[in-house]
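Participant: After the structure tokens below, expect a handful of questions from me.
The values are calculated or read from the model by the stated rules, or taken from the named source; none is laboratory data. All values reported here derive from a predicted model rather than from experimental measurement. Here the Cβ is made from the backbone with ideal geometry for all residues, glycine too, and neighbour counts use every protein chain on show.
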Amino acid sequence: MRRSPLPFAVLVVVITCAAGSAQATFPGSNGPIVFRADDFDTGLAGPLMRMEPDGSDVTKINGRHAYFSDFRADGKRIAIDIIQRDLDTHIATLRPDGSGFHVITSRRGVHDSPSWSPNGRRLVFNFSPDRLDDPDFETRLWTIRANGTHARRLPMGDRGFDVEPKFSPNGRWIAFNRLRFPDGGFTQATFIVSMKGKHRVRRLTPWHLDAEHPTWSPDSKWILLNTSPNGAIQAIRPNGEDRHTIRPATAGFGGHKPWFSPEGDRIVFMCENQGTLPEPPEDYNQDICVMDADGDDVENLTETEAVYENYPAWGPEAQ
């Protein structure tokens with residue numbers, strides 16, 4: 001386990017959420033980036049912030065505590081998860097300027113990590129009706145209409161403790177992570193489930209890799225992820241082939257929660273200055289970085305001291 005607070009839905013199970021986002025990057029012109037900052041004292045993430053792709057014009061657009069965000073394909077709405085005072089979590093949507101805030105889930109329990117379908121009519125998320133301290137707590141994948149109706153469990157060939165679902169931009173698959181706790185330990189892997197036929201489930205990464213935070217390329221040909229806990233950023237095909245490292249973790253540098261730009265030419269991610277070091281440095285920090293799709297030309301967009309930015313998402317320009 002590392003430095004940052006964990007996605008609320010999996011806080012109780014000590015999942016490594018390195019110093020979980022991840023969703024689909026729909027194709028379009030490169031638009032705004034949203035992100036939050038971790039509060040290590042409370043274990044929560046702070047207000048939703050928006051900035052331009054070059055890091056300029058940073059603006060707070062929503063003040064609620066939450067974690068993950070996802071832009072609709074037309075760029076006109078963002079889905080987020082929010083934490084209520086009763087410690088339930090819910091799914092809400094809002095416009096990129098922060099207006100039009102609307103909570104779409106109401107059932108008691110944990111609803112988080114929303115991801116839009118390509119046509120914008122439904123969202124997929126992970127859900128549990130149980131409290132985090134329930135010994136049987138696990139989340140399953142559910143979908144819901146964008147207006148908050150017709151919530152239902154996602155049909156799957158087999159199920160597990162499944163988190164962070166992401167629609168592919170072509171609508172053919174959903175990528176997600178599955179958690180296991182062998183012999184009191186913890187491991188995770190990235191899977192996909194087909195949206196057609198028997199909804200077959202396929203594991204893409206070996207359990208020992210501890211891959212996390214899968215997101216899609218705009219053309220649906222690649223899935224980005226990072227290894228845990230050190231933060232090497234990798235890409236893999238939806239059929240599980242051609243897995244390769246785009247940006248390795250090094251002593252003093254790790255990358256987490258990678259996300260393609262809508263044009264597919266850049267990747268935004270949370271960058272930190274521990275990487276493969278055994279312990280975080282005294283000046284440990286997290287920022288939002290971008291780099292070319294091949295891992296070159298890394299640029300720190302936020303570069304703030306003692307502000308632990310995290311949970312980036314890159315949306316298209318509103319159509």
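Participant: Restricting the stretch 92-134 to residues that are assigned to a strand (DSSP E or B) and among the charged types (D, E, K, R), which is modelled with the highest pLDDT? If you could, list the steps in order and put the result at the bottom.
Facilitator: Our first condition is that a residue be assigned to a strand (DSSP E or B); within the stretch 92-134, this holds for 92-94, 102-103, 110-116, 122-128.
If we keep only those that are among the charged types (D, E, K, R) too, we end up with 112, 122.
Numbers: Asp112: 94, Arg122: 98.
Per the stated criteria, the residue is Arg122.
Participant: I've got another one for you. Across the stretch 135-172, what is the total count of residues that are of a type in the set (A, V, I, L, M, F, W, C) and part of a strand (DSSP E or B)? I'd like the intermediate steps shown before the answer.
Facilitator: First, the residues of the stretch 135-172 that are of a type in the set (A, V, I, L, M, F, W, C): 137, 141-142, 144, 146, 151, 154, 156, 161, 163, 167.
Narrowing further to those that are part of a strand (DSSP E or B): 141-142, 144, 161, 163, 167.
Going through the stretch 135-172 one residue at a time, the tally reaches 6.
Participant: Go through the stretch 97-126 and give me each residue that's crowded, with 20+ Cβ neighbours inside 10 Å and within 17 Å of Gly46 (Cα to Cα).
Facilitator: Correct list: Asp112, Ser113.
Participant: Of all residues being within 13 Å of Ser69 (Cα to Cα) and touching a strand residue (DSSP E or B) at 6+ places or on another chain (Cβ under 7 Å) in the stretch 85-96, which is surrounded by the most Cβ atoms within 10 Å (Cβ to Cβ)? Just the residue, please.
Facilitator: Taking the stretch 85-96 and keeping what is within 13 Å of Ser69 (Cα to Cα), we get 90-96.
Keeping just the survivors that are touching a strand residue (DSSP E or B) at 6+ places or on another chain (Cβ under 7 Å) gives 90-94, 96.
Numbers: His90: 24, Ile91: 27, Ala92: 20, Thr93: 22, Leu94: 20, Pro96: 21.
The extreme case among them is Ile91.
Participant: If Thr143 satisfies all but one of (1) at pLDDT 95 or above; (2) on the phi > 0 side of the Ramachandran plot, what's the number of the condition it fails?
Facilitator: In the conditions (1) at pLDDT 95 or above; (2) on the phi > 0 side of the Ramachandran plot, Thr143 misses (2) alone.
Participant: Here are the criteria: (1) within 25 Å of Gly315 (Cβ to Cβ); (2) more than 19 Å from the chain's Cα centre (by Cα); (3) among the hydrophobic types (A, V, I, L, M, F, W, C). Tell me which single one Trp142 does not satisfy.
Facilitator: Trp142 satisfies every listed condition except (2).
Participant: In addition: Here are the criteria: (1) over 30 Å from Asp136 (Cβ atoms); (2) surrounded by 24 or more Cβ atoms within 10 Å (Cβ to Cβ); (3) at pLDDT 95 or above. Tell me which single one Ala24 does not satisfy.
Facilitator: (3)
Participant: How many of the residues making up the stretch 167-188 are touching a His at 6+ places or on another chain (Cβ under 9 Å) and not β-branched (Val, Ile, Thr)?
Facilitator: 1
Participant: Six or more apart or on different chains, Cβ under 9 Å: which pairs go from a residue in the stretch 227-246 that's within 15 Å of Gly275 (Cβ to Cβ) to one that's surrounded by 17 or more Cβ atoms within 10 Å (Cβ to Cβ) and of a type in the set (Phe, Trp, Tyr)? Could you list them?
Facilitator: Gly231/Phe253; Gly231/Phe269; Ile233/Phe269
Participant: I would also like to ask the following. Filter the stretch 59-74 for residues that are within 21 Å of Pro258 (Cβ to Cβ) and either among the charged types (D, E, K, R) or over 17 Å from the mean Cα position of the chain (by Cα) (or both) and give the result.
Facilitator: Taking the stretch 59-74 first, the residues within 21 Å of Pro258 (Cβ to Cβ) are 66-73.
Hits for the stretch 59-74 are Asp70, Arg72.
Participant: Continuing with this model, one more query. Looking at Leu132, Leu94, can you tell me which residue is more than 24 Å from Ile61 (Cβ to Cβ) and aliphatic (A, V, I, L, M)?
Facilitator: On inspection, the qualifying residue turns out to be Leu132.
Participant: Moving on. Filtering the stretch 239-259 down to residues that are of a type in the set (Lys, Arg) and either modelled with pLDDT under 95 or assigned to a strand (DSSP E or B) (or both), which residue is farthest from Phe35 (Cα to Cα)?
Facilitator: So the residue we want is Arg247.
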